[in-house]
Amino acid sequence: MNKQLFLFISLSLIFYLAPAQTDITVPELKEHIQYLTSDKNAGRYPGGHLNRQVVRYIEHQFKEFGIGPFGKSYKQPFKTQLRVKEGNPPKKDVKTWNIIGYIEGGDPQLKDEFIVLGAHYDHLGFGGGPSSKSDKIAIHPGADDNASGTAALLEIAEKLEAHKDSLKRSVLLIAFGAEEQGLLGSKYFTENPIVPLSQIVLMINMDMVGRLNDQNQVYMGGAGTFPGGMDLMTELGEAEGLSPIVHAGSVGGSDHVSFYKKGISVLGLHTGGHPQYHTPEDTADLINYQGEKKVCEYIYHVLMAVAATDRPMQFIPQD
Ligand SMILES: [Zn+2]
């Protein structure tokens, strides 16, 4: 066999056997979580040049995937008040950002309807604030809370972009800032939306999705806030080998609340609490990466069930 032909066949074989880069993969999830939790990001506290560094990472990923911004910039800046323990002097407001990617749907009418996929990227810095569960002043890496959700956002975004030809509705991918300071990024977005809120048909939030347990239990609130949500979430979860714990209401705890308060259908997903929650011990080595990949596939399919179809959507309030 001549050398060139041999080379051609080998390369084709490698290309064929290697998983497409646009897939949701364990090594890529790991890479994102390791970067986000690394000491140089110091617990992803809002404000300053360390915050900018994380923002640049997320922007860079969107760009790499071929995902553009909505309008000119990926960044939605806002001022945020930082929480302090009672009795402590107030901190100065800082500037922080939501980072927003946009994938346009292909249906002439339905592309004006949006699905928001969101996850907060901030965490507690060195701790010491009112929501810390530990007295230690040390980097809080927040691997599960919420490097896991941020990594999921990036990996699902990449796969969505690769399959965007099948999208009818449009998708906004939002990494929220300052969630730990009181859902401030999502609050700011819903007060200053870049598309009319009436055109957002569903918001899916991922906060702490890295600790899937042995029973494969994924918890969610809000499945009753849109037609057929309970069945959809159960069926798609089981198809992925998961045991979804599906609540119609129970909308609480994270950024989806800001959307729900505006009368938008929401889903808030997580894989459950743990003793390392809001302590310096929420580290990357405790993440169940295979489990997180499953959760990502699940959420990807949920998104497609709404974004790639003309499934009727409507807000159903829950008590
Ligand atoms: Zn948290």
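No value in this document is a laboratory result; all are computed from the given coordinates. If you're wondering where the values come from, they're calculated on a predicted model, not measured in any experiment. Every residue, glycine among them, receives a Cβ derived from its backbone with ideal geometry; neighbour counts consider all protein chains shown.
Based on alpha-carbon atoms only, what is the radius of gyration of region 150-195 relative to the globular estimate 2.2 N^0.38 Å? Can you show the working numbers first?
Values: Rg = 13.0 Å, N = 46, 2.2 N^0.38 = 9.4 Å.
Output field value: 1.38.
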## Note on the structure
Note, region 157-172: 3J(HN,Hα) by Karplus (6.51, -1.76, 1.60, θ = phi - 60°), whole Hz, Gly/Pro = x, goes 4, 4, 5, 4, 4, 5, 10, 5, 4, 8, 7, 9, 8, 8, 10, 10
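If Rh is defined by the Kirkwood formula over all Cα pairs and Rg also comes from Cα, what ratio Rg/Rh do you get for region 225-319?
0.99
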### Query
Near Lys63, which lysines are there with a Cα under 18 Å away, not counting those fewer than 8 places off in the same chain?
Lys72, Lys75, Lys159, Lys164
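How big is D for region 229-268, in µm² s⁻¹ as a whole number, if Stokes-Einstein is applied with the Kirkwood radius of its Cα pairs at 20 °C and 1.002 mPa s?
Numbers: Rh = 11.1 Å.
Diffusion coefficient, whole number: 193 µm²/s.
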### Message
Suppose the chain between Glu191 and Gln215 were pulled fully straight at 0.36 nm per residue; how much longer would it get relative to their current alpha carbon spacing?
### Response
4.7 nm
#### Entry: Proximal lysines to Lys40, defined as alpha-carbon separation beneath 17 angstrom and excluding residues fewer than eight positions away on the same chain
Lys30
#### Entry: Set of lysines near Lys85 by C-alpha distance (under 18 Å), chain-local residues within fewer than 8 positions excluded
Lys133, Lys136
### Query
Can you give me the relative contact order of region 39-122 as a percent, contacts being Cα pairs under 8 Å and 6 or more apart?
31
### Message
Binning at 20 angstrom from zero up to the longest distance, how are the C-alpha pair distances of the chain distributed in percent?
### Response
33, 57, 9, 1
### Query
For region 233-319, which GluC sites (Glu not before Pro) are in a loop by DSSP, counting at most 13 other Cβ atoms within 10 Å?
none
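Considering Cα pairs under 8 angstrom that are at least six residues apart, work out the relative contact order of region 206-289 and quote it in whole percent. Don't jump to the answer; show the numbers that get you there.
Details: 127 pairs, mean separation 35.3, N = 84.
Taking the mean separation of contacting Cα pairs over the length of region 206-289, I get 42 percent.
Once you keep just the Cα pairs under 8 angstrom separated by 6 or more residues, what percentage relative contact order results for the chain?
Numbers: 691 pairs, mean separation 68.7, N = 319.
Averaging sequence separation for qualifying contacts and normalising by length gives 22 percent for the chain.
Compactness ratio of region 98-226: Cα Rg over 2.2 N^0.38 Å, N = residue count? Write down the numbers at each step before the final one.
Numbers: Rg = 16.3 Å, N = 129, 2.2 N^0.38 = 13.9 Å.
Scaled against compact globular proteins, the figure is 1.17.
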### Query
So what's the convex hull volume per residue for the Cα atoms of region 169-209, in Å³?
84
### Cα extents of region 265-319 along the three principal axes, largest first (Å)
43, 30, 12
## Note on the structure
Sequence order, region 273-283: Karplus ³J(HN,Hα) from phi using 6.51 cos²θ - 1.76 cosθ + 1.60, θ = phi - 60°, Hz rounded, Gly and Pro as x, gives x, 6, x, 8, 3, 6, 10, x, 8, 7, 10
### Cβ-placed point charges (K, R +1; D, E -1), dipole of region 185-261 about Cα centre in debye, nearest 20
320
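Report, in debye and to the nearest 20, how large the dipole of the chain comes out about its Cα centre when Lys and Arg carry +1 and Asp and Glu carry -1 on their Cβ. Walk me through the numbers on the way to the answer.
Working: 29 positive and 37 negative charges, 226 e Å.
My answer is approximately 1080 debye.
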### Message
Just want the answer: with Cβ charges of +1 for Lys and Arg and -1 for Asp and Glu, which residue in Ser38, Gly253, Leu286 is farthest toward the dipole's positive end in the chain?
### Response
Ser38
### Query
For region 46-148, what is the Kirkwood hydrodynamic radius in Å, using each pair of distinct C-alpha atoms?
16.0
#### Entry: In region 26-81, the trypsin sites (Lys or Arg not before Pro) that fall in loop regions by DSSP, at most 11 other Cβ within 10 Å
Lys72
### Task
With 10 Å bins from zero, work out the P(r) of region 27-95 over every alpha carbon pair and list the percent per bin.
17, 38, 32, 10, 2
